[in-house]
Amino acid sequence: MCSHYEAPTSDRLLAGYGVAPEGQYRLDLWPCYEGPFIRLRDPESIDEGDYELEAQVGQFGLLPFWAKARTLGRSTYNARTETVASKNSYRAAWKEARHCVIPAVAIYEPDWRSGKAVPTRISRKDGGVMSIAGLWERWKTPEGADLLSFTMLTVHAAEGLMCNFHREGDEKRSAVILPGGLVNDWLRAPASESMEFMRLYPSDRLKAEVPDSI
């Protein structure tokens, strides 16, 4: 499960997606921190000539309408695709196809093969930005303000690079990294087609390295 990742700069978002958020955000992200995500614009708000995508800043950790506090995000930053349709935290966003993409330069996972947790940086071999499939929500703060939030969707990683991480005996998981050609398809897909995108990204397109510092 991915709880730590690097977001791209605004310049990289513009280069890769054609949009970037107006607000500030962190590049080094953990649950309950605020980072960028990409979604479709509301059709009613699109003027002729506007780009269809929009970039927003939201909390990493989904907040359904019934959440009592932002701290719920500490347990809702990843959504298992096997149970996302039934889990109370995610089912509304899944049913309504509130699809988004969480852009990441790299994600971090602990490599336990040595017997100790070694933080490992996972990125694309070609240096490109990873487009992670996610869900977004809108939540009202106690002060009455709107707060956007998002979660990364994950799949079982029985083979390939991503099966090397986490403790022995724990289930191996991977965030759903979308091939570039499927980003727009995912964002436009109806709920009935959501599961078709839940696939493991090819390991030969990723690299893992131990960073000097995090």
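On a C-alpha basis, how far is the centre of segment 1-40 from the centre of segment 150-214 in Å? Whole number, if you could? Comparing the Cα centres of segment 1-40 and segment 150-214, I get a distance of 17 Å. Per DSSP H run of at least 4 residues, take -39500 (n - 2.57); add these up for the chain, divide by its residues and hand me the 222 nm value, nearest 500 deg cm²/dmol. So the helix-based figure for the chain works out to -2000 deg cm²/dmol. Taking θ as phi - 60° and the Karplus parameters 6.51, -1.76 and 1.60, the scalar couplings of segment 15-32 work out to 5, x, 10, x, 9, 8, x, 7, x, 7, 7, 7, 9, 9, 10, 10, x, 6 Hz in sequence order, x denoting glycine and proline.
Entry note, segment 151-214: relative contact order of 36 percent, from Cα contacts under 8 Å with a spacing of 6+ residues. With contacts taken as Cα pairs under 8 Å and at least 6 residues apart, the chain reaches a relative contact order of 21 percent.
Counting only residues at least eight positions apart within a chain, or on another chain, the aspartates and glutamates with an alpha carbon under 13 Å from that of Lys125 are Asp204, Glu209.
Most fluctuating residue of Leu135, Leu14, Leu63 in a GNM of the chain with Cα springs under 10 Å: which is it? Largest GNM mean-square fluctuation: Leu14.
Relative to the Cα centre, the charge distribution of segment 83-205, modelled as +1 at Lys and Arg Cβ and -1 at Asp and Glu Cβ, gives a dipole magnitude of about 120 debye. This model, with +1 at the C-beta of Lys and Arg and -1 at the C-beta of Asp and Glu, gives the chain a dipole about its Cα centre of some 840 debye.
Laboratory data are not the source of any read-out in this text; all were calculated from the coordinates shown. Since this is a predicted model, take the numbers as computed values, not measurements. Here the Cβ is made from the backbone with ideal geometry for all residues, glycine too, and neighbour counts use every protein chain on show.
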